[in-house]
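First comes the structure, then the notes that go with it.
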Amino acid sequence: MEGNRRWVTNTLKHPDRDPTRRELLAASQQPYGAVLSCIDSRVPPELVFDTGLGDLFVMRSGGVAVEPVIIGSVEYGPMTSGTPLIVVLGHQRCGAISAAYKALREGKPLPGNLQAIVEALRPAYEQSVRQSSADPADTMARAQVKLTADALRGNRDLAPLVSKGVLAVVSAYYSLDTGQVEILNGAPA
């Protein structure tokens, strides 16, 4: 979050982005966080959190939709390297969420494999429909990251790490307007 404050205030440090760091990491890595975020080109986690080479495992999928390969990728850091933090990062004005919301509301499937994203986002859609709001797609985006973080916290392989206190799984939301990341739930005490 300190890196995000630097991003918001334009006081970036661009840490650990040089050949020396690259050489240091050539043999192994020990990232302190894993970020599961959307594919949106406006939300690059390494920039949003002002991190450097080797600091984060980053997985991206449309609307933060998850399936077994993505879940396995998220599990990799905590289960192999002891990565102590997973951040599930959604964002404002998400195109994938908006498209899925519209497709589900109108009952019109999207073409190709885009429909798989729509189906993965259905629980967040259903939750957003139950909550009346001025911006239902935004409500859906927030619901999606919370549902995903909750599922990861309850994951059979990650839950023991969470209960031991060696892993935190946090849901967060990025504002395109301000650059600020808001923690929604799961922040360590």
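Among the conditions (1) over 17 Å from VAL64 (Cα atoms); (2) open to solvent by 40 Å² or more (accessible area, probe 1.4 Å); (3) in contact with a helix residue (DSSP H, G or I) (Cβ under 8 Å, 6 or more places away or on another chain), the only one that ASP135 does not satisfy is (3).
Yes/no per residue for (1) open to solvent by 30 Å² or more (accessible area, probe 1.4 Å); (2) in contact (Cβ under 8 Å) with a residue 60 or more places away in the chain; (3) of a type in the set (Val, Ile, Thr):
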{"site": "CYS38", "(1), (2), (3)": "no, no, no"}
{"site": "SER41", "(1), (2), (3)": "yes, no, no"}
{"site": "SER61", "(1), (2), (3)": "no, no, no"}
{"site": "PRO68", "(1), (2), (3)": "yes, no, no"}
{"site": "SER73", "(1), (2), (3)": "yes, no, no"}
{"site": "GLY77", "(1), (2), (3)": "no, no, no"}
{"site": "THR80", "(1), (2), (3)": "yes, no, yes"}
{"site": "GLU119", "(1), (2), (3)": "yes, no, no"}
{"site": "ARG130", "(1), (2), (3)": "yes, no, no"}
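Against the definition (within 18 Å of GLY186 (Cβ to Cβ) and among the acidic types (Asp, Glu)), how does GLU75 come out, yes or no? Taking the combined requirement at face value, the residue satisfies it. From the list LEU56, LEU47, the one residue that fits, being at pLDDT 95 or above, over 18 Å from LYS146 (Cα atoms) and open to solvent by 50 Å² or more (accessible area, probe 1.4 Å), is LEU47.
The values are calculated or read from the model by the stated rules, or taken from the named source; none is laboratory data. Computed from a predicted structure; not experimentally measured. Quick reminder, even Gly has a Cβ in these numbers, built from the backbone with ideal geometry, and neighbours come from all protein chains shown. Only protein heavy atoms, including side chains, enter the accessible area calculation; ligands, DNA and RNA are left aside. Shrake-Rupley method; radii C 1.70, N 1.55, O 1.52, S 1.80 Å.
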